[in-house]
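Structure first, then comments.
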Amino acid sequence: MRTLASAFQRLGGSPGQKGAARNARRAQVLLCLCFAAGFCAVSGRAIYYAAFPGEMPMLASAGAPPALAKSRPDIVDRNGRILATDIRVYWLAANPKEIPHADDAAEKLAALFPDLNQAALSRKFHDKASRFEWVKRGLVPGQAKAAHALGIPGLSVLATVGRVYPQGNDAAQILGLTNVDNEGMSGIEWYIDQKLAGQVAPASLAKRPIVKLSLDLGVQHVLAEELGHAMQRYQAAAALGLVLDVRNGEVLASVSLPDFDPNRREQAMDENRRNRIVTDVYELGSVFKTFTIAMALDQNVAGRYDRFDASPLRIGHFMVRDAHAVREPMSVEDIYVHSSNTGAARIAAAAGVARQQRFLESLGLFEKLETEAGTTPKPVFPAAWRPANAATIAYGHGIAVPPIVFASAMASIVNGGKRIKPAFLLSEGSADVAPERAIQPETSALMRELMRLVVQRGTGHRAAAAGLDIGGKTGTALKVKDGHYTHDVVNSFVAVLPVTDPKYLILVTLDEPKAETADKNEAGYNAAPTAGAIAQRIAPMLDVLPTPRFDETAATPYERGGSNSPQRAVLRKSPYETSGPDPRYSGYSQRESVPNSGYFGAYGR
Amino acid sequence: MLYTYDLKFKTRKLETQAQALVAELQDESDFLALARADTTYLSRPERIEEMARRELKLEPIAPAQLVPWKAILASEDPSWQPQTAPAPRKDGIAALIEKAVAPAAAQALR
């Protein structure tokens, strides 16, 4: 004040006592004015901010959106259709200390979410010592809004990220599961966390990397649906199916019923819903004869028309018999086409134990397989490989392999002999390493021809589909329970599509199907028609066009070649072919073996 | 000094705006993710198949319905060949969809 007054004085104010007093007063007034202006400015600002709260500057961190630490990449099928994705979900939590009317709050919440237990909630809210209780997790935005609108103090809504599987049950077992914290626990989800964690870290919920699987959703759905029908119709305990691209090992579809809805995690706890394709081992039965015959043909143990005795065979204290026994010797071709156990056992005996072991090992049937959807158990096979083992393994008993391992071995038999590794992720380009060769391309072509004959005039004739070149092999295996073979069976059919230019392998396995009519519980009666129905539906999806050569169901060739035309050479009975007593199997008769009003006419349509 | 204050306030204001935009973006992207999941859920094969069977009376295509070019070229059967300019055909599926959707649409308009 003194300095202010003296400043006025120096500016030319009146000197003297009187002047000094006036200067001081002026200084006071000036000061007051300054303060008044300051207060006016501040209150003006305050009124302004009160009127426009949006203009108020705030610390930036206050409104920051929650971090997306646990967001996961999307999983899509080979055509880019979403199989698993993340959405924003909300978790509802409560602070019981701040809830004034616990019973009232519990009642309101239970009314909003009928799955909540009102009594339990009320008990939680009465516990005033607690500061934090979960109310409900995984709310969608609408539900979160509704919960917020209840206006219960002490309730808080926490935003987080949740995993959803829009396709439901389809492909559930391949995708696996995540836990409540959105961490992968099994299947592809686990694989993403373990192996791809660094490569695919999401930035925001909208911009997330994708993991592309080799699965085709359409094929996957058809497989699941047809297996579901089959399981119901034949009252099977379980049904497995696999569609494999034999050229590069990509799995197009893999189904194991019963399956589960990944959006309901609790279902997956059920042991019965596991992915049997990968986790279980099966004795697959006669489909293994493919390996026995391929070995014999590839290593010149026997030729296609060489004959083997097919009468009952005694090994040690047990007898090997055929369902359709014949007295005459059968050719290798007929042993395969009519699925003769005794013939296959004798071929294996001719090849020898060591050769059989080496051949099966070269197909990878002795090792466990690591896939993106899980690691298979080690196949079960005898430690000491005696001639009796060799005989039973020749027709698929005494060796148990995971279905996916079997399918990969089978793929190398039909694809020209290349070893392939089943993969659930799309392979990026070619590694350009010469693939390991299991058998010669010529043997592979011959095997495909034999598989075609199985469908044309053998045990697999019910798998025939009009216009499609399906080749296949049936396999009926007796099931071991408590160390004994029972009357329950595991029926399989492995099909290759199309035979002339192998692209896809279809494996169908029905676990413990019941016979529709007495004495007809063989793979040819249930697994084969199921595989045929699947092939019929997936062929158009996979661009497998019908072959114009021959229409099986109508038994009329598209091209009108004479009976000696080269197109019909495969169908002509070979001069060496031997015939069994069963009239249905005794030669070439398309009309008889594939009736027009057959299985497909009656099936689920 | 006043200038500094002004600058600080302006910076804060811009920061707030940026934050609001980020939050809005986040909301939109959340919604987008939700909508995408919803679309996928509604177009899952299970549902489409059921609807196609019920509303459109369609069946899965059979392999025999497809004919490769080779068969058409090789065939002497005149029915394969296009005879004259194909007459304009009614789109049967479109008609079915319209029939199925029209009542519902009319109801929605009301």
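Look at the stretch A:328-346: where a residue is within 14 Å of A:Phe291 (Cβ to Cβ) and a partner is in a strand (DSSP E or B) and of a type outside the set (A, V, I, L, M), sitting 6+ places away or on another chain with Cβ atoms under 7 Å, you get A:Val332/A:Phe308; A:Ile335/A:Phe308; A:Ser339/A:Thr474. Selection over the stretch A:250-281 of residues that are assigned to a loop (DSSP other than H, G, I, E, B) and open to solvent by 10 Å² or more (accessible area, probe 1.4 Å) gives a count of 12.
Taken as a whole, the condition of being under 30 Å from A:Val219 (Cα atoms), open to solvent by 100 Å² or more (accessible area, probe 1.4 Å) and modelled with pLDDT under 85 does not apply to B:Glu76.
Within the stretch B:1-16, can one find any residue that is more than 7 Å from chain A (Cβ to nearest Cβ), more than 30 Å from A:Val222 (Cβ to Cβ), part of a loop (DSSP other than H, G, I, E, B) and hydrophobic (A, V, I, L, M, F, W, C)? Yes, that holds for at least one residue. Does the stretch A:154-170 contain at least one residue that is open to solvent by 20 Å² or more (accessible area, probe 1.4 Å), among the polar types (S, T, N, Q) and either on the phi > 0 side of the Ramachandran plot or under 18 Å from the mean Cα position of the chain (by Cα) (or both)? Yes, the stretch A:154-170 contains at least one residue that is open to solvent by 20 Å² or more (accessible area, probe 1.4 Å), among the polar types (S, T, N, Q) and either on the phi > 0 side of the Ramachandran plot or under 18 Å from the mean Cα position of the chain (by Cα) (or both). Checking A:Arg265, A:Arg304, A:Arg247, A:Arg276 one by one, the residue that is in contact with an Asp or Glu (Cβ under 6 Å, 6 or more places away or on another chain) and either of a type outside the set (Ser, Thr, Tyr) or over 30 Å from A:Arg137 (Cβ atoms) (or both) is A:Arg304 and no other. Of all the listed residues (A:Glu189, A:Glu183), the sole one being of a type in the set (Asp, Glu), open to solvent by 50 Å² or more (accessible area, probe 1.4 Å), touching an Asp or Glu at 6+ places or on another chain (Cβ under 9 Å) and closer than 30 Å to A:Ala239 by Cα is A:Glu183.
Taking each residue of the stretch A:114-132 that is under 16 Å from A:Trp91 (Cβ atoms) and looking for partners that are β-branched (Val, Ile, Thr) with beta-carbon atoms closer than 9 Å, six or more apart or interchain, yields A:Leu116/A:Val135; A:Leu121/A:Val135; A:Lys124/A:Val135.
For A:Asn300, the stated conditions do not hold, so it cannot be described as surrounded by fewer than 17 Cβ atoms within 10 Å (Cβ to Cβ) and in a helix (DSSP H, G or I). For first residues located in the stretch A:499-523 and in contact (Cβ under 8 Å) with a residue 24 or more places away in the chain and over 19 Å from A:His461 (Cβ atoms), partners that are outside any loop (DSSP other than H, G, I, E, B) and open to solvent by 20 Å² or more (accessible area, probe 1.4 Å) and lie 6+ apart or on another chain with Cβ distances below 6 Å form the pairs A:Glu512/A:Asp488. Taking helices (runs of 4 or more DSSP H) as the structural unit, those lying wholly within the stretch A:381-476 and holding at least 3 residues that are surrounded by fewer than 24 Cβ atoms within 10 Å (Cβ to Cβ) correspond to A:387-394, A:441-457. Sort out which residues of the stretch A:226-249 are over 12 Å from A:Ala407 (Cβ atoms) and either assigned to a strand (DSSP E or B) or out of contact with any Leu (no Cβ under 7 Å at 6 or more places or on another chain) (or both), and write them in order of number. Within the stretch A:226-249, A:Glu226, A:His229, A:Gln232, A:Arg233, A:Gln235, A:Ala237, A:Ala238, A:Ala239, A:Arg247, A:Asn248 meet the criteria. Take A:Asp259 and tell me if it is under 28 Å from A:Lys368 (Cβ atoms), charged (D, E, K, R) and in contact (Cβ under 8 Å) with a residue 60 or more places away in the chain. Yes, satisfied. Residue count for the stretch A:79-101, restricted to those that are away from chain B (no Cβ under 14 Å) and either surrounded by fewer than 20 Cβ atoms within 10 Å (Cβ to Cβ) or polar (S, T, N, Q) (or both): 8. Can you say whether A:Gln167 is in contact (Cβ under 8 Å) with a residue 12 or more places away in the chain, within 14 Å of chain B (Cβ to nearest Cβ) and assigned to a loop (DSSP other than H, G, I, E, B), as far as the supplied structure shows? Yes, satisfied. State whether one or more residues within the stretch B:29-39 are out of contact with any strand residue (DSSP E or B) (no Cβ under 6 Å at 6 or more places or on another chain), at the interface with another protein chain (Cβ under 8 Å from one of its Cβ atoms) and modelled with pLDDT under 75. No, every residue in the stretch B:29-39 fails to be out of contact with any strand residue (DSSP E or B) (no Cβ under 6 Å at 6 or more places or on another chain), at the interface with another protein chain (Cβ under 8 Å from one of its Cβ atoms) and modelled with pLDDT under 75.
Table: residues versus (1) at pLDDT below 90; (2) of a type in the set (S, T, N, Q).
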position	(1), (2)
A:Ala296	no, no
A:Ala310	yes, no
A:Arg314	yes, no
A:Phe318	yes, no
A:Val326	yes, no
A:Tyr336	no, no
A:Ser339	yes, yes
A:Ala388	yes, no
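For A:Gly483, are the conditions met, namely being out of contact with any strand residue (DSSP E or B) (no Cβ under 9 Å at 6 or more places or on another chain) and small (Gly, Ala, Ser)? In short, yes.
Among the residues of the stretch A:347-384, those identified as more than 34 Å from the chain's Cα centre (by Cα) and within 21 Å of A:Ile439 (Cβ to Cβ) are A:Ile347, A:Ala348, A:Ala349, A:Ala350, A:Ala351, A:Gly352, A:Val353, A:Ala354, A:Arg355. The number of residues in the stretch B:44-67 that are within 8 Å of chain A (Cβ to nearest Cβ) and within 15 Å of the chain's Cα centre (by Cα) comes to 2.
The values are calculated or read from the model by the stated rules, or taken from the named source; none is laboratory data. Note that this is a predicted model, so its numbers are computed, not measured. Note: ideal-geometry Cβ built from the backbone for every residue, glycine included; neighbour counts use all protein chains shown. For accessibility, only protein heavy atoms count, side chains too; no ligands or nucleic acids. Shrake-Rupley method; radii C 1.70, N 1.55, O 1.52, S 1.80 Å.
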